[in-house]
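Here the structure is laid out as structure tokens; the discussion comes afterwards.
The values are calculated or read from the model by the stated rules, or taken from the named source; none is laboratory data. Keep in mind that what you see is a predicted model, and the values were worked out from it rather than measured. In this analysis, Cβ positions are derived from the backbone assuming ideal geometry, glycine residues included, and neighbour counts consider all displayed protein chains. The protein model used for the area step is the full one, side chains on, heavy atoms only, and it has no ligands, DNA or RNA in it. Shrake-Rupley method; radii C 1.70, N 1.55, O 1.52, S 1.80 Å.
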Amino acid sequence: MTHDTQAVADSGAGAGDKGLKGGALGLAASVVIGMSSTAPAYSLAATLGFIVVAVGVKAPAVILLAFIPMYLIALAYQELNKAEPDCGTTFTWASRAFGPWVGWLGGWGIIAADIIVMANLAQIAGSYSYKLVGADGLADSTFWSTVAGVLWIVIMTYICYRGVEVSARLQYALLGIELVLLIAFAVIALAKVWSGNGADTSIHPALSWFWPGGLGASDLVAATLLAVFIYWGWDTAVACNEETADPAKTPGRAAILSTVLLLVTYGLVAVAAVAFAGVGTKGIGLGNPDNGDDIFNALGPAVFGHSFIGQAFEVLLLISVLTSASASTQTTIIPTARTALSMGAYRAIPRSFARIHPKYLTPTVATIWMGVLSIVFYVGLTLVSQNVLGDSIASVGLMIAFYYGITGFACVWFYRNQLTKSARSFWMQGVLPGLGGLMLLAAFLKSAYDYSKPDAGSTTLGGVGGVFIIGIGTLVLGALLMIGYALVAPAFFRGRTLVKGTADLVLAGTERDPLFGLPDSGDQSIVIAPDLSNEPPTVPPEDVIRRQRD
């Protein structure tokens, strides 16, 4: 590690000072990383069937409904990122708005959700690696699938260790394969339905599919939370904000573009799959529980046919799910490592997590620990039970709603003093992010209640559903770890390294977003005159160095 990088880690400096490689990503690369993190092909393969089981032909409506809070929270990310493009995202912004305790839990929500979902991504990547070469026996083996899954985690951890540019170049190829195959699947399926050459269970699309009317509250909320899961991951584009060419603007735009592109992709594929297969409970019907784990495996042969070209498309579809899961494995490591980097820089966790590689300019300790903890969690739950592993994935929805919701509320609270200054501030920084936060809060509370029932999920403990125990238990574990670390290293929790509240350093007579300050920036509640007549005295460089050493 270079001297400058070590100084950053020791000083607890904030945004832009952590030693990451600035200017490495443009808008296109940021969008690609944001979309890849959601694993479109894998997410649809593993989730769409369960959504159909819950709401039938209304699956497209649920996907559209889930887009609304995702888009609103993406707006919150955009607005907060303008104020402080810090790779800690929710952790940093919630700490500024609500204080260190809420901010720490927000950061924990990101880390915990990513580690848990890595288990499922690795399992899919490992299993599909064998299926791709025709080794179905190994694919069905828990042991060998776990071995391959662990190997995928190791490979993707190393790629993330080598640099964000290497990661972005790989994502271009992986995402391209996914999108081409998904669009081909949707177009061919719809063409067969409209031409009358679909399956016996095919049905023609209807506009009523896009309206959730007639659905019960529990089914609607449960299905929406599943749909929220398939959108989850676009915030990786914002977690790479300190490595973009324009940190204040590019990440926020990438987040919004990612969610919109995902809506189009998911909506198209959902309509095509429901129309071609129908929602029946037998055969290729999407209501068949046997198809829930992988709808593409069930629909692929019927959609593409048995010709040479059709079989080639089937193989490519298999590859797309594999590349989707492996790509998401990689892009799940990126935001977790950067959240830990920011928490380490502000001393919310051990400062070693703020170390940056002198050559690759990546968070070394944070990246390696992300890989190690993912492997430990994955192997541990696999040894306990496949049912427990399945329930752990379902619990991720609770943590997504938790930290996304905190971000929405943090945006409203941070900008509260300027919401009446313009219509844009009122809507973009207040009403819309707040509405997104409320929607996710409602989904969190309703789902937590439903998941607590003994018949929810695949496991129970003491009459309580396993999904609730894992999801809420993980948040409680985070609170206990937070309290323990606060006793050992109280600086962050006493507001010494990251100061709560806004820092309104603005030019008089101009309108701009308030700026957050670094931990040692002092009082910034001053309005600077245009002629700089009341500018605070400049601190001599030697005093800055002395202050950092102190």
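Considering every residue within segment 489-497, establish whether at least one is in contact with a helix residue (DSSP H, G or I) (Cβ under 9 Å, 6 or more places away or on another chain), of a type in the set (F, W, Y) and at pLDDT 90 or above. Yes - at least one qualifying residue is present in segment 489-497. Comparison of G430, G397 shows that the only residue that is among the small types (G, A, S) and crowded, with 24+ Cβ neighbours inside 10 Å is G397.
Conditions (1) aromatic (F, W, Y); (2) free of Cβ contacts under 8 Å to residues at least 40 places away in the same chain, marked per residue:
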site	(1), (2)
R338	no, no
M399	no, no
F414	yes, no
V431	no, yes
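Looking across segment 301-318, the residues that are farther than 16 Å from A186 by Cβ and in a helix (DSSP H, G or I) come down to P301, F308, I309, Q311, A312, V315, L318. Sort through G214, G198, G233 and tell me the only one that's under 30 Å from Y77 (Cα atoms) and touching a residue at least 12 places away in the same chain (Cβ under 8 Å). The unique qualifying residue is G233. Among the residues making up segment 75-126, a single one is of a type in the set (K, R) and under 20 Å from G495 (Cβ atoms): R96. Just one of the listed residues (Y378, Y415) is surrounded by 23 or more Cβ atoms within 10 Å (Cβ to Cβ) and modelled with pLDDT under 90, and it is Y378. Screening Y158, Y128 for residues that are open to solvent by less than 40 Å² (accessible area, probe 1.4 Å) and among the aromatic types (F, W, Y) leaves exactly one candidate, Y128. Every condition in (1) at pLDDT 90 or above; (2) surrounded by fewer than 22 Cβ atoms within 10 Å (Cβ to Cβ); (3) more than 30 Å from T339 (Cβ to Cβ) is met by P212 except one, and the failing one is (1). Does K453 satisfy being surrounded by fewer than 19 Cβ atoms within 10 Å (Cβ to Cβ), of a type outside the set (A, V, I, L, M), over 26 Å from the mean Cα position of the chain (by Cα) and at pLDDT below 90? Spelling it out, K453 is indeed surrounded by fewer than 19 Cβ atoms within 10 Å (Cβ to Cβ), of a type outside the set (A, V, I, L, M), over 26 Å from the mean Cα position of the chain (by Cα) and at pLDDT below 90. In segment 253-260, is there at least one residue being open to solvent by less than 30 Å² (accessible area, probe 1.4 Å) and of a type outside the set (A, V, I, L, M, F, W, C)? Within segment 253-260, one or more residues are open to solvent by less than 30 Å² (accessible area, probe 1.4 Å) and of a type outside the set (A, V, I, L, M, F, W, C).
For segment 173-181, the count of residues that are open to solvent by 20 Å² or more (accessible area, probe 1.4 Å) and of a type in the set (D, E) is zero.
So which residues in segment 48-66 are under 22 Å from the mean Cα position of the chain (by Cα) and open to solvent by 10 Å² or more (accessible area, probe 1.4 Å), if there are any at all? Within segment 48-66, F50, L64, L65 meet the criteria. Return a yes/no flag: does segment 419-427 have any residue that is touching a residue at least 60 places away in the same chain (Cβ under 8 Å), surrounded by 16 or more Cβ atoms within 10 Å (Cβ to Cβ) and not acidic (D, E). No, every residue in segment 419-427 fails to be touching a residue at least 60 places away in the same chain (Cβ under 8 Å), surrounded by 16 or more Cβ atoms within 10 Å (Cβ to Cβ) and not acidic (D, E). Annotation note: of L461, L480, L441, the sole residue that is open to solvent by 30 Å² or more (accessible area, probe 1.4 Å), closer than 22 Å to I110 by Cα, without any contact (Cβ under 8 Å) to a residue 60 or more places away in the chain and over 20 Å from the mean Cα position of the chain (by Cα) is L480.
Given the structure, is I333 farther than 30 Å from T89 by Cα and either assigned to a helix (DSSP H, G or I) or open to solvent by 40 Å² or more (accessible area, probe 1.4 Å) (or both)? No, not satisfied.
If we scan segment 218-226, do we find a residue that is among the small types (G, A, S), under 30 Å from M399 (Cα atoms) and without any contact (Cβ under 8 Å) to a residue 24 or more places away in the chain? So far as segment 218-226 goes, no, none of its residues is among the small types (G, A, S), under 30 Å from M399 (Cα atoms) and without any contact (Cβ under 8 Å) to a residue 24 or more places away in the chain.
Identify the residue in segment 268-297 that is more than 23 Å from A206 (Cβ to Cβ) and in contact (Cβ under 8 Å) with a residue 24 or more places away in the chain and, among all such residues, is surrounded by the fewest Cβ atoms within 10 Å (Cβ to Cβ).
Here the residue is P289.
Put simply, of A237, A217, A248 the only residue that is crowded, with 20+ Cβ neighbours inside 10 Å and not β-branched (V, I, T) is A237.
Residues in segment 353-372 that are crowded, with 24+ Cβ neighbours inside 10 Å, more than 14 Å from I153 (Cα to Cα) and out of contact with any Pro (no Cβ under 8 Å at 6 or more places or on another chain): T362, P363, A366.
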